[in-house]
Every structure is written in structure tokens, then in C-alpha cells.
Amino acid sequence: MKSLVYHGPMDVRIDDKPKPMIQDKEDIILKVTATAICGSDLHLYHGVTPGMEPGQTLGHEFMGIVEEVGSHVYEIREGDRVVIPFNISCGRCWYCNNGLWSQCNRSNPNGEIGAAFGYSQSTGGYDGGQAEYVRVPFANTVASLKVPDSISKDEQVLFLSDILPTGYFGADITNVQPGDDVAVFGAGPVGYFAVMSSFLRGAARVFSIDHLEPRLSKTKDLGAEIINFDKENPVEILRKETKENGVLCIDAVGFESVGHTPSDGGNSNNSNISNSSGVHDHSKVSDPIYEPANPIQVLEWMCQSARKYSTLSVPGAYVSAYDKFPFGQMWNKELSIKMGQCPVKKYNEALLHLIETGRIDATKIISHTMKLEEASKAYEIFDKKEEDATKIIFKL
Ligand SMILES: [Zn+2]
Ligand SMILES: [Zn+2]
């Protein structure tokens with residue numbers, strides 16, 4: 001079967017791999033009908049993610065038709081159409097029992113974070129869904145979101161796998177309430193859905209900060225007030241517009257940020273990156289092709305523009321290999337911070353209902369619909385932000 005496989009930094013190819021088989025009685029084999037490239041796939045593509053090894057099939061945003069079920073799968077059956085969350089959760093450990101789906105204690109043997117599809121050994125080494133077929137473990141839990149017949153097109157619901165719930169999670173963990181002013185850093189797909197979700201929760205004003213105009217024009221269409229940080233200082237504008245009260249802040253960027261005020265002159269001092277030791281240590285990046293110029297650019301902007309006593313929301317991905325942190329500023333303003341992988345299952349049913357009833361249209365973020373065979377080209381386009389790429393999906 002065709003699979004999009006990681007060979008090394010900036011090198012992903014369509015390879016012919018054996019079709020996956022049921023390995024456990026709770027597995028299913030899913031025939032993928034639609035899948036997408038995520039911004040966080042670019043961290044893998046750049047070779048800056050710990051535990052990334054050649055041979056891994058990428059892709060954690062996908063949906064399809066159940067082709068085969070293991071003997072202990074009772075929630076779904078052959079022929080069901082399902083959207084799969086990127087988190088892999090067992091459904092029975094303490095974390096899963098408490099709805100903390102992104103921190104399942106059993107699905108990832110390799111580290112302290114919950115497992116995910118197509119996302120390196122550090123999140124369990126599971127093959128992903130940018131392929132014709134994928135094995136979905138713990139299917140009673142993971143594969144339980146069935147798509148109703150009223151949804152005719154995959155792209156209406158595909159983003160329930162990650163970016164739509166992740167955007168909503170961004171608004172939820174900073175606790176956007178009616179009348180709040182919100183700043184969403186990054187106008188990529190997660191930023192787009194964080195803007196949409198902030199308005200859904202009753203925000204008065206939502207500011208969208210980026211420097212890519214095609215992306216800002218999409219968040220502007222949602223009603224956001226846009227700030228291009230190539231032209232304006234976002235912190236000054238946010239302070240002025242809110243009469244110094246500050247905003248609720250959502251980081252929809254993560255550690256590969258770009259900006260114009262690096263606190264260290266752009267020279268990152270990540271000595272722990274080059275000192276990687278031990279082939280089985282999945283927490284280190286063994287051979288990065290570059291180091292992020294200032295991995296905490298967005299955190300600095302957020303600390304400077306946040307409303308006092310507020311909670312910084314960080315759905316954007318960070319990697320411990322690049323840690324640096326503005327702790328003093330946070331202490332002074334008595335800020336809290338909430339972050340991490342979105343527990344997709346917490347939100348996807350409610351968001352599906354909003355799609356079903358026409359309150360959310362998730363399709364406008366799509367800029368390219370391509371064939372899986374074109375995936376290497378698609379990664380290049382998406383990485384370089386060519387052709388005004390905002391979101392690329394593959395239909396199989
Ligand atoms: Zn994603
Ligand atoms: Zn679990």
C-alpha cells in the first residue's frame with residue numbers, strides 16, 4: 001500500500017509498505033479516505049523532533065471506513081465511517097478514566113507524554129494515516145466517533161481529528177468567557193480554529209497575529225482584528241487597544257516560531273541538543289538540521305500582553321530539548337499556564353454536532369486538495385508556504 005514515509009530531514013516519500021494487520025484483539029484496520037498535513041508534521045519534516053526515525057509513516061489527521069475489526073472490538077463494526085483523534089488512548093488507565101485522553105499511561109511505552117499516530121518514537125512509534133490503510137489500536141476508545149449520514153463530504157469533519165478540537169482547547173484552557181478580549185498568536189489552521197472557538201464562546205474582540213497575509217485574511221473573514229508582526233509590534237497594539245488591560249493569550253505556534261525581537265540575538269544556546277547521548281533516549285534531538293532562532297518568542301509576547309491573573313493557553317507544540325522560559329514575568333503578573341496535547345475526545349462529539357447543525361463550517365481553511373501520490377510535493381509547498389497554502393488535505 002502507498003504510505004508517506006519519513007526518510008530524514010526534508011525528505012519524505014511515498015513508499016510501498018505492507019498493508020497493516022490486526023495485532024491485538026482491540027485493533028481495527030481503517031481504510032483511509034481523507035487525511036491532512038498538520039503544522040506539527042513540519043516539526044517532524046524539519047528533523048527537530050526527538051525520537052524521529054526513518055521508516056515512520058506520518059499522519060495524525062485522518063478518517064476512513066472500518067475495514068476489519070479485532071475480536072474484542074464492540075463499539076464499531078466493518079463499514080462504519082469514523083474520524084480518528086490523533087491521541088491514542090487505552091480507555092482504561094487512570095488518565096483515560098478521568099477523561100485526560102492526551103496523557104494515557106499505557107499507549108506510549110517510550111515516554112511521559114501520551115501516544116499519537118505518526119509522530120516519532122517519543123510518542124509511541126505508531127505508524128500514521130497518510131497512507132491507504134492504518135492500524136488503529138484500542139479501537140473501542142480511539143475509533144468511537146462515527147460520522148452521521150447527513151455529513152456528505154469528508155472534509156466537513158476531517159479536522160475533528162486534531163486542529164478543530166485543538167483550536168477549541170486553546171480557547172477552553174484560557175477560559176474565554178463572554179465579553180473577553182483574546183489574542184491568538186499564529187493564524188495557521190489551529191490559530192484559525194482558536195479564533196473561531198473564541199467567538200463561539202462569546203469573545204468581544206479577537207486579535208489574530210501572524211505575518212503571512214493569506215492566513216490573516218482567513219482569520220479576518222472570521223471577524224478577527226489582524227496584526228502583521230512584520231509591520232507592527234503586536235505587544236504595543238494589544239496594550240493600546242485594550243487600554244492596558246491586556247488580553248487572554250493563545251499560542252497557536254509552538255517552538256518553531258519566527259519573530260523580530262529574539263531575546264538572545266537569535267543565537268540559541270541549546271547545548272543539550274548537540275550533547276545527545278544514547279540511541280534509546282527519545283527525549284533528545286540527535287542531529288538537528290537547525291535550531292529554532294528563538295523558541296520562546298510567542299511566550300515572551302504573551303507574557304508582555306497578557307491580562308493579569310489570566311491563564312496563558314499553549315496548544316502549540318514545545319519540545320523539552322529547546323526549553324527556555326520567562327519565569328519572572330509570569331510570576332510578577334501572577335499568570336497561570338495551561339498547555340499540552342489537546343485531549344481530542346473531550347471535544348469532538350460537541351464539535352461534530354456544531355458541524356452537523358451548520359454552526360461551524362470547517363472547510364474554508366482548506367487551500368489544497370491533492371492526491372496522496374503528490375505528498376512529497378505537498379510537504380514542500382506547505383513548508384515553504386507556497387501557493388498561499390493554509391491547509392493541504394489528501395483524498396484517497
Ligand atoms: Zn495535527
Ligand atoms: Zn489510557
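The values are calculated or read from the model by the stated rules, or taken from the named source; none is laboratory data. What you are looking at is a predicted structure, and each value in this text was computed from that prediction instead of being measured. Cβ coordinates were reconstructed from backbone atoms using ideal geometry, including for glycine residues, and neighbour counts include every protein chain displayed.
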Being within 16 Å of ligand 2 (Cβ to nearest atom) and either closer than 25 Å to I113 by Cβ or of a type in the set (A, V, I, L, M, F, W, C) (or both) is true for just one of I88, I37, I76. Which residue is that?
I88
Looking at F199, is it assigned by TED's automatic domain parsing to the domain that holds P234, under 15 Å from the mean Cα position of the chain (by Cα) and under 21 Å from L354 (Cβ atoms)?
no
The residue from I84, I76, I88, I151 that alone is closer than 24 Å to E374 by Cα and not aromatic (F, W, Y) is I84
Scan segment 338-364 for residues that are farther than 22 Å from G202 by Cβ, assigned to a helix (DSSP H, G or I) and of a type in the set (A, V, I, L, M, F, W, C) and jot them down.
V344
Among the residues in segment 213-224, are any touching a Phe, Trp or Tyr at 6+ places or on another chain (Cβ under 7 Å) and loosely packed, with under 15 Cβ neighbours inside 10 Å?
yes
Return the residue satisfying two criteria in turn: it lies in segment 2-54 and is part of a loop (DSSP other than H, G, I, E, B) and touching a Ser or Thr at 6+ places or on another chain (Cβ under 7 Å), and of such residues it is surrounded by the fewest Cβ atoms within 10 Å (Cβ to Cβ).
K25
